[in-house]
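Report on the following structure.
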Amino acid sequence: MNKIKLAVALSAASLLAACGSDSDDKNNGVDTPTTYEFLSKVTEGESSVVFTGQAARQLLISELKKYSGSDEFQALTNKQTALDNLNTIYAKGVDSDEVNSLIDFNLYDGTGATSVPVSVEAPLTLEQTDYSDVFSVSGAKNLQGKLAGCDNDLSMSEFIGWEIAQGDIQDCGQDDVAVEDENDKPHTLLQTWFDELATLATDGNANTTIVNDQGHDLQQLIQKFLFGAVTYSQAARDYLKADKGLLKQNSEGDKAGAKDYTALEHQWDEGFGYFGASLDYLNKTDAEIKASAESDVDGNESIDLLRGEYNYGLSVYSAKVDTYSDADDLNLSADAMEAFLEGRQIIQDNFGTDPVEGEGYHVQLVETSERALAAMEKTIAGAAIHYINSTIDDVTNYDGSDIASLAKHWSELKGFALSLQFSPVAIISEADLKEVHEKIGTTPKASASAANAEQFIADLEAARTILVEAYGFDAAVAATW
């Protein structure tokens, strides 16, 4: 549903003038602000909110999608060059110690830094126009170093949803130990998709630029998979994890007192950065978020892509899922943002006291983090259901002549479904997720043929039922998303 969050925010905002930085709008007894802005308890007058590195990685995910579909990529004639360029985004990112990272190598014309994959309409301008600007704020950042399995162990007992033979596994260097195992499979899958993209771009066939002969839209698979394997995984397994990120110190500036935030504040902010919302996200309607990613929070007509004036990734899809139907059954965008605001306020209210596992405010913080993660996971599941429905429509009307729409929607479904495996506190069970992937299958092309279409539609409906029951969605409503 296109819900109006603004009314709630304005009601709370009317109290701000009377009570300073906090509202009297209670969230489990916590006075929370309506925007993600928190003054430092370490350094008077400074902000304690920083998630520039996470925003930089959000940009890199967007860059992979933009570049893989660009005329410049499709015009390449050398496969290795094409593959190297994709890995420049993924493995090098922005890094002054890497030769030809995006800060000094332009993927599109070879001169200067690569421009960011974002544009805004006048009078708005961008504070970061290329990746040298990004690097100057975020420092060295890439995607590979934060990929599930490369940076942390997988959350389920095995990699689910895509068969990868042991002999095909490529080591991604987890803990600098060259042991090829399940943890290397997400990286291997991305390298497989990169290789296929590079082949398609340089094979001289202009009709198959991003869709392979199996009906895999590689551009969509990569983007949706990275939403899970980087952004959701990092939030769930690291920054908002009960026995990891949520046990950092909360008594002094991080980095031996050098920072304006505590280590615990920063962990929470980094988790928020992987959700991808603007600072004023709660004050916007879902329709507004869906229609426009930028948000000029400070009103200076300049969008800061690294400091909370742009909506990325899952934050946009939370709003999209909310708008899939008119039924008043979901408000995932507000659920997520309210939890992030509440948790951050809990941390600030307890400055000077370090968290103790299972005691005091750590208990409340863990509960709040799991609400935020649940909203992110339900967003992924809701998007998967939406693309199940789109795929069913495509199969129903498929005549075998043009696979582009079917490939796109199935690949978005598959990418989101793959993403559901990357949380240690996942709502869906491993057994249910395996069954979902069995029903979705590994390719839409053969399944959509006239002989198999009826069974494929039945399988997709069965996958939808599993997701609906796992996440407590209304079955009749979800069938319309």
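Computed from the coordinates by the stated procedures, all read-outs in this text should not be read as laboratory data. Worth saying up front: this structure is predicted, and the values here are computed from it rather than measured. Every residue, glycine as well, gets a Cβ built from its backbone with ideal geometry; the counts of neighbours run over all protein chains shown.
Observations
- Order of 321, 211, 468, 363 - criterion: other Cβ atoms within 10 Å of each residue's Cβ, fewest first: 363, 468, 211, 321
- Oblate is the label for segment 256-396. Its Cα gyration tensor axes, ordered a ≥ b ≥ c, give a/c of at least 1.5 and b/c at or above a/b.
- Each Lys and Arg Cβ is given +1 and each Asp and Glu Cβ -1; about its Cα centre, the chain then shows a dipole of about 400 debye.
- Exposure proxy ranking, count of Cβ atoms within 10 Å, fewest first, for 326, 296, 304: 326, 296, 304
- With respect to the chain, whose longest principal axis is taken over its alpha-carbon atoms, helix 332-349 is tilted by about 40°.
- Segment 55-230, dipole about Cα centre (Lys/Arg Cβ +1, Asp/Glu Cβ -1), debye to the nearest 20: 500
- Cα coordinate range in segment 425-481, projected on the principal axes (Å, largest first): 38, 25, 13
- Per-bin percent of Cα-Cα distances, segment 100-150 [5 Å]: 5, 19, 21, 20, 18, 11, 4, 1, 0
- Here the Karplus relation 6.51 cos²θ - 1.76 cosθ + 1.60, evaluated at θ = phi - 60°, turns the backbone of segment 88-96 into coupling constants of 4, 5, 6, 9, 8, x, 10, 6, 5 Hz, with x for every Gly and Pro.
- Stretching the chain fully between residue 99 and residue 213 yields a gain of 37.6 nm (0.36 nm per residue, less the alpha carbon separation).
- Estimated inter-spin distance, residue 119 and residue 402, nm [label 7 Å along Cα→Cβ]: 2.4
- Over all orientations, segment 192-348 has a Cα convex hull whose mean projected area works out to 13.5 square nanometres.
- Projecting the Cα atoms of 351, 275, 381 onto the dipole axis of segment 273-383, where Lys and Arg carry +1 and Asp and Glu carry -1 at the beta carbon, places 381 farthest toward the positive end.
- Taking each residue as 0.36 nm, the span from residue 81 to residue 455 lengthens on full extension beyond its C-alpha to C-alpha distance by 130.5 nm.
- Per residue, the Cα convex hull of segment 14-158 amounts to 213 Å³.
- Cβ-based charge dipole, the chain, positive-most Cα from 56, 368, 421: 421
- With respect to the chain, whose longest principal axis is taken over its alpha-carbon atoms, helix 263-275 is tilted by about 40°.
- Rounded to 5, the percent of DSSP beta bridges in the chain classed as antiparallel: 70
- Averaging Cα coordinates gives a centre for segment 114-148 and one for segment 271-332; these two points are 18 Å apart.
- Long-range Cα-Cα pairs in segment 55-230 (distance over 21 Å), rounded percent: 50
- The residues packed around residue 272, meaning those with a beta-carbon under 11 Å from its beta-carbon, carry a net charge of -2 if Lys and Arg are +1 and Asp and Glu are -1.
- Positive minus negative residues near residue 94 (Lys, Arg vs Asp, Glu; Cβ under 14 Å): -3
- Values of log10 I(q)/I(0) for segment 324-481 across q = 0.19 Å⁻¹ run -1.11, by the Debye formula with one identical scatterer at each alpha carbon and no solvent.
- Computed on segment 55-230, with alpha-carbon pairs under 8 angstrom and 6+ residues apart, the relative contact order is 26 percent.
- Residue 127 paired with residue 292, simple spin-label distance in nm, labels 7 Å along Cα-to-beta-carbon: 1.8
- Entries of 378/408; 41/255; 259/320 with Cα pairs more than 27 Å apart: 259/320
- For the chain: relative contact order, % (alpha-carbon pairs under 8 angstrom, 6 or more apart): 20
- Note on the chain: helix-only mean residue ellipticity at 222 nm, from DSSP H runs of 4+ residues weighted -39500 (n - 2.57) and normalised by residue number, equals -14000 deg cm²/dmol.
- Cα centroid separation, segment 64-111 to segment 152-221: 18 Å.
- Placing a label point 7 Å from the Cα of residue 256 along the Cα-to-Cβ direction, the residues of segment 38-59 whose backbone N falls under 20 Å of that point are 42-43.
- Separation in nanometres of the label points that stand 7 Å from Cα toward Cβ, at residue 446 and residue 434: 2.2
- Tilt relative to the chain, helix 313-322 - C-alpha long axis, 0 to 90 degrees, to 10: 90
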